[in-house]
Amino acid sequence: MIGLSVLCTFAVWMKRVYYLLFITVWNLSAQKDSVALSEVSVTATRSERVISRIPLPFQLIHNQVIRSYAQVRLQEVLSEFAGLSVVPQINGLGSGIQVQGLNPDYTLILMDGEPLIGRYTGSLELSRVSAFNIRKIEIVKGPSSSLYGSEALAGVINIITDQTLTDKLMAGVRISSRTTSDLNVLGALNRKKVRVQTSLNRFATNGYDLSPAIFGQTVSPFHNYTLSGKIIYTPHPRHEIGVSLRTFKEFQTNQYQVLTSGDSIRVSGDGTVQDWNIIPTYQWTLNARLRLQCRSYWSGYRTKTNLIHLETGDAFYHDNFTQHFIRNEMLSTYKIKENFRIIAGTGIIHESVTSSRYGDQSNNQRTTYGFSQLEFEPIRSLQMIAGIRLDKNSNYNMQWSPKLAVLYPLTRWMQLKCSSGTGFKAPDFRQLYLNFSNDAASYAVYGTEVIQSKIRQLMENQQINVLYVDPASIGKVSAESSVAFNAGMNITVSPSVNMDLNYFRNDIKGLIETQLVASTIQQRNIYTYTNIHRAYTTGVELNTSLKVTNHFTIQAGYQFLIAKDKDVVDRIRKGEVFGRDPYTLESYRITARDYTGLSNRSRHQASLKFGYSIPKWKTDIQLRLHYRDRFGLFPTSGNVSGVVVPQSDLNGNGILDRYDRFVNSYYLINLTIGKSFFQHFECRFGAENVFNYTDPLNIPNLPGRNIFIQFNYNLIKS
């Protein structure tokens, strides 16, 4: 009933918006013919499809936007758009990306169609990816497991690198605050049958310190290198053979202050991160209707950290993590007739992880999968896509992932689109095999494949004080799953005016959470993982663009989001949730209005961008304003790198409500000014976070004002 009322309200609101936009746009432009976007996407449907004919929530970030903003790392690019929230890690490096209010580990991140691995803590470190050779970024929002399987529960972000289509030589350097530098060079040759490209990036920074009174820095110094290349050989117009590779290595210099058991300890040490992949491909176009593609993907990821106690010189912490990923896939596309196409594929994935946190044992899993998708037009102008995928994994249950999407042009300048589907996220190695004991903090966490043997061992040694859960009842965790619905419209009255509006709803069940199993006679708690929670996210996304003149454009984005735990909502409805005043110690009942929802989600997010060019001076100005509403961090207490974090759950009821501590709303202003000179040179300078907003405790990945200057050289043969 709640979902029906929301949809009805949304329909009434959209009707009002329709008439308002009709009147507004009619006055702004006399041209009423819609202009189809010629840009082609491959991420949304695994086939080449014009963007204007994609029936799914879709967002494109083009290379021209990245270059005009002078951005150098992936997290900088994604943070510029409302509805994409960069979530900081504890160490301040800020990694994961939230899509439609879902956690970072629910979004699959691809590079040229293949998954980036290395989700050491569940999130993928976005700063590993250089933005220099990115041609475009395609973002599909909503469950995409029908094509991509696990980790695509919230959506897919596909980073598509530069294509070797012309002879070119490109080089760039950006110098910015805190002795940060980014150096790049890219070269490409295009001959009759062979295309070759290579690029090199070096990024280095001295880091930054938001808490000078504490030993060490918020982000310690590090530098990294990225080398990539690709070769494409076309022996015949119907055959194409390609090989691409990428290697990344980062060197870290770490210093921390750790507070443990009341003692302040200073530690120091080095760390490395390595990442590599190679992608051989073969494509055979049999005829105008049938095309076959074979792909193989080999990837590896490794981290190594060694820390010592500075006062004693003793080893304090050591950690190794190694992951290998191999995928082989065959894909076929058959065009039965003009508006009827079938896509089918099958593949197998081998994955292994070895970590000191997993007992230094190699843990393996295998996934076989197959998928099929039908694209057709049952009646004139009605575009439909129906797909389904089956995943069979050696460590969890079989998963079916269906999806249906519809697009219908209501008028020449308005399209309605609707999609519904399911997504899933498989349990990761951490939840299956973790074998971690923290004696200083008096707790231990074991994966579901390890917990029974550990509890049995502790019981044999008479170390168990209390059993909260019968170990025999702990089984394998199942994959988290979701059912999603998206409905919206795209309005393109003229090349000058465009609006995209989307309503979304994601219902998730089987969320994997930690579970207290036992406590030892030393008062050490033992945890594992289990499927317990249900949650939902719902909201509205709005993106608009207006070309005021040939030289002046305005873009705006907005997201309204509600994200809540269904189990908490049910308990509140039954009157079972209370809070306690920390000063008077009086108890009070929590109402539905008091409950604010899941942590690290803002109810409102918005962006406003102005672009102005002066052709006579070969100059352009990009001004961007970003706003994020307040959000809660729960639960937080204790310390992070020596910084004491105050308790967030002020009334001690275990949920986030209006009586708890919140992170204040804030806004950021970014400014970039660019100028081209001579024939191939370009200079850009500007400032990010102009007014130097910082929040060291809650937003450690926001370093304050960053001043930069960038020089680019571009020699591209027509």
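The values are calculated or read from the model by the stated rules, or taken from the named source; none is laboratory data. Keep in mind that this is a model prediction, so the values were computed, not measured. Note: ideal-geometry Cβ built from the backbone for every residue, glycine included; neighbour counts use all protein chains shown.
When you scan the range 294-304, do you find a residue that is more than 30 Å from ALA188 (Cα to Cα) and touching a Lys or Arg at 6+ places or on another chain (Cβ under 7 Å), even just one?
Looking for residues that are more than 30 Å from ALA188 (Cα to Cα) and touching a Lys or Arg at 6+ places or on another chain (Cβ under 7 Å), one finds none in the range 294-304, hence no.
What is the residue count in the range 694-718 for residues that are among the hydroxyl-bearing types (Ser, Thr, Tyr) and either crowded, with 16+ Cβ neighbours inside 10 Å or under 25 Å from GLN647 (Cα atoms) (or both)?
1
So, in the range 255-307, of the ones that are free of Cβ contacts under 8 Å to residues at least 40 places away in the same chain and among the hydrophobic types (A, V, I, L, M, F, W, C), which residue ends up nearest to TYR443 (Cα to Cα)?
In this case the residue turns out to be TRP276.
Show the residue pairs meeting these rules: Cβ distance below 9 Å; 6+ apart or different chains; first residue within the range 516-535 and on the phi > 0 side of the Ramachandran plot and surrounded by fewer than 17 Cβ atoms within 10 Å (Cβ to Cβ); second residue outside any loop (DSSP other than H, G, I, E, B) and at pLDDT 80 or above.
GLN523/ASN465
Condition check: surrounded by 15 or more Cβ atoms within 10 Å (Cβ to Cβ) and either of a type in the set (Val, Ile, Thr) or in contact with a Lys or Arg (Cβ under 6 Å, 6 or more places away or on another chain) (or both). Does VAL493 satisfy that?
For VAL493, the condition - surrounded by 15 or more Cβ atoms within 10 Å (Cβ to Cβ) and either of a type in the set (Val, Ile, Thr) or in contact with a Lys or Arg (Cβ under 6 Å, 6 or more places away or on another chain) (or both) - is met.
When you scan the range 601-662 for strands (runs of 3 or more DSSP E) that lie fully inside it, which ones turn up with 3 or more residues that are modelled with pLDDT of 85 or more and either hydrophobic (A, V, I, L, M, F, W, C) or surrounded by fewer than 20 Cβ atoms within 10 Å (Cβ to Cβ) (or both)?
Because the criterion is at least 3 residues that are modelled with pLDDT of 85 or more and either hydrophobic (A, V, I, L, M, F, W, C) or surrounded by fewer than 20 Cβ atoms within 10 Å (Cβ to Cβ) (or both), the strands (runs of 3 or more DSSP E) in the range 601-662 that meet it are 604-614, 619-628.
Filter the range 178-227 for residues that are among the small types (Gly, Ala, Ser) and under 26 Å from the mean Cα position of the chain (by Cα); which is nearest to THR253 (Cα to Cα)?
SER220
On the basis of being in contact with an Asp or Glu (Cβ under 8 Å, 6 or more places away or on another chain) and more than 30 Å from LYS168 (Cα to Cα), does THR303 make the cut?
yes
Can you name every residue in the range 37-78 that is of a type in the set (Ser, Thr, Tyr) and at pLDDT below 90?
SER38, SER41, THR43, THR45, SER47, SER52 - these are the residues of the range 37-78 that are of a type in the set (Ser, Thr, Tyr) and at pLDDT below 90.
Kindly list, by first and then second residue, each pair from a residue in the range 51-78 that is without any contact (Cβ under 8 Å) to a residue 24 or more places away in the chain to a residue that is of a type outside the set (Lys, Arg) and surrounded by 19 or more Cβ atoms within 10 Å (Cβ to Cβ), limited to pairs with Cβ atoms under 7 Å and residues at least 6 apart or on different chains.
ILE51/SER41; ILE51/PHE58
Hey, does the range 163-182 have a residue that's free of Cβ contacts under 8 Å to residues at least 40 places away in the same chain, small (Gly, Ala, Ser) and at negative phi?
yes
Scan (1) within 30 Å of SER481 (Cβ to Cβ); (2) without any contact (Cβ under 8 Å) to a residue 24 or more places away in the chain; (3) among the small types (Gly, Ala, Ser) for the single condition SER144 breaks and write down its number.
(2)
Conditions tested, residue by residue: (1) hydrophobic (A, V, I, L, M, F, W, C); (2) outside any loop (DSSP other than H, G, I, E, B); (3) touching a Pro at 6+ places or on another chain (Cβ under 9 Å); (4) more than 24 Å from GLU138 (Cα to Cα).
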{"position": "ASN224", "(1), (2), (3), (4)": "no, yes, no, yes"}
{"position": "SER228", "(1), (2), (3), (4)": "no, yes, no, no"}
{"position": "GLY242", "(1), (2), (3), (4)": "no, yes, yes, no"}
{"position": "LYS249", "(1), (2), (3), (4)": "no, yes, no, yes"}
{"position": "THR253", "(1), (2), (3), (4)": "no, yes, yes, yes"}
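Between a first residue in the range 572-591 that is within 14 Å of TYR659 (Cα to Cα) and a second residue that is of a type in the set (Val, Ile, Thr) and not in a loop (DSSP other than H, G, I, E, B), which pairs have beta carbons less than 8 Å apart while being 6 or more apart in sequence or on different chains?
Between residues of the range 572-591 that are within 14 Å of TYR659 (Cα to Cα) and residues that are of a type in the set (Val, Ile, Thr) and not in a loop (DSSP other than H, G, I, E, B), the close pairs are VAL577/VAL568; ILE590/ILE572; THR591/ILE572.
So, in the range 388-418, of the ones that are surrounded by 22 or more Cβ atoms within 10 Å (Cβ to Cβ) and among the small types (Gly, Ala, Ser), which residue ends up farthest from the chain's Cα centre (by Cα)?
Per the stated criteria, the residue is ALA405.
Mind checking whether some residue in the range 345-354 is within 24 Å of SER47 (Cα to Cα), part of a strand (DSSP E or B), of a type in the set (A, V, I, L, M, F, W, C) and in contact with a strand residue (DSSP E or B) (Cβ under 8 Å, 6 or more places away or on another chain)?
yes
Return the residues of the range 538-586 that are surrounded by fewer than 12 Cβ atoms within 10 Å (Cβ to Cβ) and in a strand (DSSP E or B); say none if nothing qualifies.
The answer is THR549, and nothing else.
Table: residues versus (1) crowded, with 21+ Cβ neighbours inside 10 Å; (2) within 20 Å of ILE707 (Cβ to Cβ).
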site: LEU183; (1), (2): no, yes
site: GLY187; (1), (2): no, no
site: LEU200; (1), (2): no, no
site: ALA204; (1), (2): no, yes
site: SER211; (1), (2): no, no
site: VAL219; (1), (2): yes, yes
site: THR226; (1), (2): yes, no
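Collect the residues in the range 309-331 that are modelled with pLDDT of 90 or more and surrounded by fewer than 17 Cβ atoms within 10 Å (Cβ to Cβ), keeping them in residue-number order.
Listed by number, the residues that qualify are THR322, ILE326, ASN328, MET330.
If you scan the range 465-481, which residues turn out to be surrounded by 11 or more Cβ atoms within 10 Å (Cβ to Cβ) and either assigned to a loop (DSSP other than H, G, I, E, B) or within 31 Å of the chain's Cα centre (by Cα) (or both)?
TYR468, VAL469, ILE474, LYS476, VAL477, SER478, ALA479, GLU480, SER481
Let me confirm something: among LEU458, LEU501, LEU416, LEU407, which residue is in a helix (DSSP H, G or I), touching a residue at least 60 places away in the same chain (Cβ under 8 Å) and either closer than 30 Å to ILE265 by Cα or of a type in the set (A, V, I, L, M, F, W, C) (or both)?
So the residue among LEU458, LEU501, LEU416, LEU407 that is in a helix (DSSP H, G or I), touching a residue at least 60 places away in the same chain (Cβ under 8 Å) and either closer than 30 Å to ILE265 by Cα or of a type in the set (A, V, I, L, M, F, W, C) (or both) is LEU458.
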